[in-house]
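First the structure, in the form of structure tokens, and then the observations on it.
The values are calculated or read from the model by the stated rules, or taken from the named source; none is laboratory data. If you're wondering where the values come from, they're calculated on a predicted model, not measured in any experiment. As a convention, Cβ positions derive from the backbone with ideal geometry for all residues, glycine included, and neighbour counts pool all protein chains shown. To get the accessible areas, we keep the full protein, side chains included, count just its heavy atoms, and leave off ligands, DNA and RNA. Shrake-Rupley method; radii C 1.70, N 1.55, O 1.52, S 1.80 Å.
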Amino acid sequence: AKMSDLEVIALTLTSEYLSIDSENYLFKKLMSCHHQDFPQLIERSQFNKRKKNLFHYIDKIRQRIADHFIATEDYFIVDSMPVEVAKISRERRSKICREVFETSPDKGYCASQKTYFYGYKLHGICSMSGVFHSIDLTKASVHDNEILPGLKHQLSDCVLLGDKGYIGKDIQLDLFHHASIRLETPLRKNQKDYRPYPKVFRKTRKRLETLFSQLSDQFMMKRNYAKSFLGFRTRLLAKITALTTIQYVNYFQLGRNLNNLKHAII
């Protein structure tokens, strides 16, 4: 191969960091302005296929980088964000990511925005410093707390902070019994034994909301031009891996706040 797998991944993450969400634009830019810097540049279609085939390696890179931050963490935050693939008015006509029923998008409701959307939900678990521990992608109609049972195989001996969408006594008992995970959520005012949610937990939980906002703003999480589900999830993973990589460079190589994502790295 002209380009190694590592070069394909590096170019993928760099384009996401630079907010280049169009591969057509990326390759035209490389050919016109940086042709001598990429003498072994492969064709765009070949680059796209290889990038999708490297999905699991990109995720391994993200996990290895994240381990540098969260190896000793014992507080984590869980939340989800909607990721549209088409406007709700085009729900029945859209063919994006619908090649297989099990992975096809559907209609869901976003409580924070009080609106319906068509697409998927991105579920994220991050540390208090704002580094993703794990991510998951589900249909938009999947309720937030349905992903919690699987966390007992990923976390243990920690406190997990969530919003009211994760309330559930059975789930709390299951997580604590099997993995010593203490799930802390704000109670509804009509619930028995209601008590105010600690202010420090409310402030901490906003770290993940800020992280989702950064993904939507700088990394254009909600602008995705993929047509297949594999291409769609590869782009989402590349954006999150690029974010995690910049956090690593900021903290370990440049000695500054790891969440200063908009500052130049050189």
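The table that follows gives values for the structure above.
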read-out	value
Residue match in region 71-92 (condition: open to solvent by less than 40 Å² (accessible area, probe 1.4 Å) and more than 26 Å from residue 145 (Cα to Cα))	no
Within region 28-52, considering residues that are assigned to a helix (DSSP H, G or I), under 27 Å from residue 248 (Cβ atoms) and not charged (D, E, K, R), the one most open to solvent (accessible area, probe 1.4 Å)	48
Residues of region 175-186 that turn out to be open to solvent by 40 Å² or more (accessible area, probe 1.4 Å) and assigned to a helix (DSSP H, G or I), as a count	3
Scope region 96-111; condition open to solvent by less than 90 Å² (accessible area, probe 1.4 Å) and in contact with a helix residue (DSSP H, G or I) (Cβ under 8 Å, 6 or more places away or on another chain); matching residues	96, 97, 100, 103, 104, 111
Matching option when the condition is within 27 Å of residue 247 (Cβ to Cβ), in contact with a Pro (Cβ under 9 Å, 6 or more places away or on another chain) and hydrophobic (A, V, I, L, M, F, W, C), among 160, 122	122
Selected residue (only one of 236, 258 is in contact with a Phe, Trp or Tyr (Cβ under 8 Å, 6 or more places away or on another chain) and either in contact (Cβ under 8 Å) with a residue 40 or more places away in the chain or surrounded by fewer than 19 Cβ atoms within 10 Å (Cβ to Cβ) (or both))	258
Looking only at region 1-58, and only at residues there that are charged (D, E, K, R) and under 20 Å from residue 245 (Cα atoms), the one that is nearest to the chain's Cα centre (by Cα)	16
Subset tally (residues that are open to solvent by less than 20 Å² (accessible area, probe 1.4 Å) and small (Gly, Ala, Ser)) for region 130-164	4
Close pairs (8 angstrom Cβ cut-off, 6 or more residues apart or separate chains): farther than 17 Å from residue 182 by Cα in region 133-150, open to solvent by 40 Å² or more (accessible area, probe 1.4 Å) and basic (Lys, Arg) anywhere	137/233; 140/107; 141/107
Filtered residue count, region 60-104, keeping only those that are acidic (Asp, Glu) and within 20 Å of residue 252 (Cα to Cα)	2
Single residue of region 187-225 satisfying the filter (at pLDDT 85 or above and not in a helix (DSSP H, G or I)) that is nearest to residue 257 (Cα to Cα)	218
Members of region 152-168 that are touching a residue at least 40 places away in the same chain (Cβ under 8 Å) and closer than 14 Å to residue 74 by Cβ	155, 157, 158, 159, 160, 161
Leading residue by the ranking (farthest from the chain's Cα centre (by Cα)) among those in region 136-161 that are among the β-branched types (Val, Ile, Thr) and in a strand (DSSP E or B)	159
